[in-house]
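Here's the structure we're looking at; comments come further down.
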Amino acid sequence: MSDPNTSQPGFPTTRLRRLRYNPAVRRLASRTRLDPAELILPLFVRPGTNLAREIPSMPGQFQFSPDRLADEISQAVELGLGGVILFGIPEHKDATGSDALSRSGIIPEAIRVAKHASRDFLVITDLCFCEYTDHGQCGVPSEVTGRIDVDNDATLELLAQQAVVHAQAGADMIAPSGMIDGMVGAIRRGLDEAGFTHLPILSYSAKYASHFYGPFRDAAESAPQFGDRRGYQMNPAAAAEEALREVELDLAEGADMIMVKPALAYLDVIRLVHDHWPGVPLAAYNVSGEYAMLKAAAANGWLNEKETAIESLTAIKRAGASIILTYWAKDVAAWLE
Ligand code: PBG
């Protein structure tokens with residue numbers, strides 16, 4: 001008897017190649033499929049009217065004025081996306097980030113426009129102070145052993161207030177991104193006390209201090225003016241299992257969904273978190289630097305944008321993230337049609 005698993009002379013087909021030998025077989029053997037309903041589009045909003053300012057380091061992405069948001073939301077609905085996540089650039093930044101707590105601030109206004117454009121379309125808001133403070137730190141600055149850092153507990157109360165402002169404007173889900181210890185618990189209590197017990201929290205649970213956020217900091221005009229965020233965001237060189245401890249704390253405090261960020265350089269972390277909590281919806285953020293790298297290579301004719309983006313997002317999903325935040329969300333939905 002010949003071995004059915006190895007090539008035969010004159011019959012160069014091995015068992016594994018039989019799973020790939022034509023498109024129909026490959027399609028049937030594909031376990032990972034991208035679905036627009038699981039993609040979240042990040043959008044940047046700034047004050048003004050009729051503005052669509054392209055972000056130089058993120059070609060194809062814009063800072064929109066609120067009036068231009070309605071059109072973006074309609075397109076996202078049309079394409080069947082899962083939702084949007086809003087980032088605000090306020091009119092004025094100051095030391096305390098006061099616009100973050102204003103009911104007439106940029107994000108409440110954007111939420112109202114988005115919900116007016118489509119009542120049932122999911123609007124998530126990023127919750128952090130770095131976009132609102134003139135120093136760019138993610139909360140109340142303080143000095144820890146001679147280095148500028150964030151006063152953890154003073155920031156918690158502010159985050160709870162910011163969450164309530166977003167909830168009152170109509171946000172469907174709150175996504176705290178500051179890696180402040182206790183943020184999920186503080187926000188949960190704030191929301192519950194204000195009567196928003198039904199609003200889910202998507203926590204940026206395992207967020208690394210990453211250089212892949214570079215273009216975003218241009219887009220949100222939020223680069224730290226002093227110091228950095230390594231005192232609170234995760235250390236890329238730490239054990240991957242540290243992410244499990246972060247997730248565990250967030251779940252204990254009431255996180256409904258969790259996130260790993262960035263995505264492509266952290267597929268091991270995505271896999272680990274997924275395997276530990278297969279029952280918790282897991283998101284991954286395919287961040288600005290991941291987008292910018294491929295855009296730049298594609299502009300030079302070095303990579304095929306569509307095929308490489310689909311391959312990257314498929315890998316993120318295969319690693320275990322069911323939800324992906326990506327600047328390609330609209331493109332992918334159009335490509336898949
Ligand atoms: C913080 C926040 C950041 C990103 C999302 N939320 C930046 C940071 O921590 O510096 C980065 C997203 C991206 O790079 O696409 N509000």
Problem set entry | Every residue from the stretch 256-290 that is within 16 Å of the ligand (Cβ to nearest atom) and either over 18 Å from ALA209 (Cα atoms) or touching a Pro at 6+ places or on another chain (Cβ under 7 Å) (or both) | MET257, TYR285, VAL287, SER288, GLY289, GLU290
Problem set entry | Given (1) open to solvent by 40 Å² or more (accessible area, probe 1.4 Å); (2) away from the ligand (no atom under 14 Å from the Cβ); (3) within 22 Å of the chain's Cα centre (by Cα), number of the condition VAL165 does not satisfy | (1)
For this session: Would you mind listing the strands (runs of 3 or more DSSP E) fully within the stretch 127-228 where at least 2 residues are farther than 16 Å from VAL287 by Cα and of a type in the set (A, V, I, L, M)?
Result: 147-150, 173-176
Exercise. Being among the aliphatic types (A, V, I, L, M), outside any helix (DSSP H, G or I), modelled with pLDDT under 95 and at negative phi, is that true of even one residue in the stretch 69-85?
Worked result: no
Exercise. Are any residues in the stretch 116-125 under 20 Å from the mean Cα position of the chain (by Cα) and either open to solvent by less than 40 Å² (accessible area, probe 1.4 Å) or on the phi > 0 side of the Ramachandran plot (or both), and if so, which ones?
Worked result: PHE121, VAL123, ILE124, THR125
Exercise. Under 9 Å by Cβ, and 6 or more places apart or on different chains, what pairs join a residue from the stretch 202-217 that is within 7 Å of the ligand (Cβ to nearest atom) and open to solvent by less than 20 Å² (accessible area, probe 1.4 Å) with one that is part of a helix (DSSP H, G or I) and at pLDDT below 95?
Worked result: none
For this session: Give the residues of the stretch 55-104 that are out of contact with any helix residue (DSSP H, G or I) (no Cβ under 9 Å at 6 or more places or on another chain), among the hydroxyl-bearing types (Ser, Thr, Tyr) and open to solvent by 10 Å² or more (accessible area, probe 1.4 Å), sorted by residue number.
Result: SER98, SER104
Exercise. Counting just the residues of the stretch 25-54 that are closer than 17 Å to SER74 by Cβ and more than 20 Å from the chain's Cα centre (by Cα), which one comes out surrounded by the most Cβ atoms within 10 Å (Cβ to Cβ)?
Worked result: ALA52
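The values are calculated or read from the model by the stated rules, or taken from the named source; none is laboratory data. It should be emphasised that the depicted structure is a prediction, and the values quoted were computed from it without experimental measurement. Note that we place each Cβ from the backbone using ideal geometry, even for glycine, and neighbour counts take in every protein chain shown. Keep in mind that these areas ignore ligands, DNA and RNA; they rest on the heavy atoms of the full protein, side chains included. Shrake-Rupley method; radii C 1.70, N 1.55, O 1.52, S 1.80 Å.
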